[in-house]
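*Asks:* Please find one structure pasted underneath; my questions will follow.
Computed from the coordinates by the stated procedures, all read-outs in this text should not be read as laboratory data. Keep in mind that this is a model prediction, so the values were computed, not measured. Methodologically, a virtual Cβ is constructed for each residue, glycine included, from the backbone with ideal geometry; neighbour enumeration extends over all protein chains shown.
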Amino acid sequence: MAALICHENAGKWLSWRHSPTGSETAEKIPPMPPQESLKKHEFVTGMRDTLPLLLGALPFGLIYGAIAASSGLSMAAAMAMSAFVFAGASQFIAVGLVAAQTPVAIIVLTTLIVNLRHLLYSATLLPYLKDLPQKWRIPLAFWLTDETFAVTVHRFQRNDASAYKHWYQLGSSMAMYLNWQLWCFLGLVLGNRIPDAQSWGLDVAMPVTFIGMIIPFVKTLPMAVCVLTAGAASLLTLTLPYKLGIVVAAFAGIASGLLAQRLVDVRREASQR
Amino acid sequence: MSAEEAWMIAGMMAVTFGIRYFLFALADRIRLAPWLEHSLKFIPPAVLTAITLPAVLLPKGEWQVSLANPYLVAALLSLAAGILTRNLLATIAIGLAAFLAHRLLI
């Protein structure tokens, strides 16, 4: 029960307004084996904390569908890409490349580079998922997105003894996946009917969503240094091909953050003496 | 679906899932060095910033640093909303609303 209650304050930032009656609703859960109810609670909380991000994915999915519809890609292929690749940014870039009649090998290579950041995400989640069986690791890997990662990492890092935090990630994953399929489909259907849908600029959803995901990370000076450096480096590496600048800029940010952390630690030790 | 499309999707799926699963697959066999583990927490904000900033300042692939750029205006307002409200939904909603208002009014 204690675990249930402390989850109610979970991710204050990421979830929207919490009802003050949270712990009461927890008590109203009909009698189930306690384990099952804990799993369900994690799953539902993961879905709920992801709700704001579904709003950001909405226009993003619509515009993907609209661009795919006008790129020459068949509807079946556009939906199959959403269902089996499930990676918004790279799907977006891929349909752009399809429209420009780019060879398949280049499209796959670009996808690899754009999605390299997921390697960094999985490295971050590694300590929390390493004891799960493969039947859990495989689906959680398939559904790993920027959004689910950003929500879930805060859940994993919270200090409580819940043994079912992976159910939270599963809930977030499901919400993102179903939401993405729905809006991609609507974008495909509507994109054929609305002329010039791409010029609306709905792709603004991505930067706006990402800004919302960045803010809760920036709580310390080293983190601020990291973000500012990564931002500056991303502007200095624009000329690199295949979006490689993202990877280079990310490493510059990480290195500067580590350096700043070191300086802060050294100064703290010095002042304690 | 043409054969070429099927190959493209199969290739994209293979690399995307491969990247996402690679470390999870080996999870119980690898140990990260302590300094590497310290660096993990910097990864998400660094990556997200590196994607976001160019998308806002060069929305169509060309520099556009002015208030006539709706992406920039939306980003600045959602940043302000995020810092003030600490609420994810408000951050995204205000950014999207600012963008639409800019497109319709200016």
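*Asks:* Can you give me the Cα centroid spacing of the stretch B:1-34 and the stretch B:58-73 in angstrom?
*Replies:* With the stretch B:1-34 and the stretch B:58-73 each reduced to a Cα centre, they are spaced 34 Å.
*Asks:* Now, a different point. Nearest 20 debye, what's the magnitude of the dipole of the stretch A:133-208 about its Cα centre given +1 on Lys and Arg Cβ and -1 on Asp and Glu Cβ?
*Replies:* In total the dipole reaches around 380 debye.
*Asks:* Determine the dipole magnitude for the stretch A:121-255: charges of +1 sit on the beta-carbon of Lys and Arg, -1 on that of Asp and Glu, nothing else is charged, the reference point is the Cα centre, and the result goes in debye to the nearest 20.
*Replies:* Using Cβ point charges on Lys, Arg, Asp and Glu, the stretch A:121-255 gives about 340 debye.
*Asks:* Now, a different point. Just check chain B against the gyration tensor rule for me: Cα atoms, a ≥ b ≥ c as the square roots of the eigenvalues, rounded for a/c under 1.5, and otherwise prolate or oblate depending on whether a/b exceeds b/c.
*Replies:* oblate
*Asks:* Please state the relative contact order of the stretch B:60-101 as a whole percent: Cα pairs under 8 Å, 6+ residues apart?
*Replies:* For the stretch B:60-101, the relative contact order is 39 percent.
*Asks:* Once you charge only the Cβ atoms, +1 for Lys and Arg and -1 for Asp and Glu, what is the size of the charge dipole of the stretch A:200-270 about its Cα centre, to the nearest 20 debye?
*Replies:* With only Lys, Arg, Asp and Glu charged at Cβ, the dipole is about 140 debye.
*Asks:* If neighbour count is taken as other Cβ atoms inside 10 Å, put A:F92, B:F42 in order from fewest to most.
*Replies:* A:F92, B:F42
*Asks:* Name the residue, out of B:I30, B:I92, B:I43, whose mean-square fluctuation peaks in a Gaussian network model built on chain B with Cα pairs under 10 Å.
*Replies:* B:I30
*Asks:* Going by alpha carbons, how many degrees (0 to 90, nearest 10) lie between the helix axis of B:43-57 and the longest principal axis of chain B?
*Replies:* For helix B:43-57, the angle is close to 40 degrees.
*Asks:* Indicate the gyration tensor shape class of the stretch A:36-204 (rounded, prolate or oblate), computed on the Cα atoms with a ≥ b ≥ c the square roots of the eigenvalues: a/c under 1.5 is rounded; otherwise a/b larger than b/c is prolate and the rest oblate.
*Replies:* Verdict is prolate for the stretch A:36-204.
*Asks:* Give the shape of the protein assembly as shown as rounded, prolate or oblate, defined through the alpha-carbon gyration tensor: a ≥ b ≥ c are the square roots of its eigenvalues, a/c under 1.5 means rounded, and otherwise the shape is prolate if a/b is larger than b/c and oblate if not.
*Replies:* Note, shape of the protein assembly as shown comes out rounded.
*Asks:* Evaluate the relative contact order of the stretch A:36-204 (contact order divided by residue number), counting alpha-carbon pairs under 8 angstrom at least 6 apart; express in whole percent.
*Replies:* It rounds to 49 percent for the stretch A:36-204.
*Asks:* Further question: With an 8 Å cut-off on Cα pairs and a minimum separation of 6 or more residues, tell me the relative contact order of the stretch A:218-273 in percent.
*Replies:* 41
*Asks:* Related question: Please determine, in degrees from 0 to 90 and to the nearest 10, the orientation of helix B:88-105 with respect to the longest principal axis defined by the Cα atoms of chain B, where the helix direction is its Cα long axis.
*Replies:* 50
*Asks:* What average count of beta carbons from other chains do you get within 10 Å of the Cβ of residues in B:77-90?
*Replies:* 6
*Asks:* Still on this structure: So for the protein assembly as shown, if I pair up every lysine 8 or more residues apart or on another chain, how many of those pairs have alpha-carbons under 24 Å apart?
*Replies:* Lysine pairs meeting both conditions in the protein assembly as shown amount to 23.
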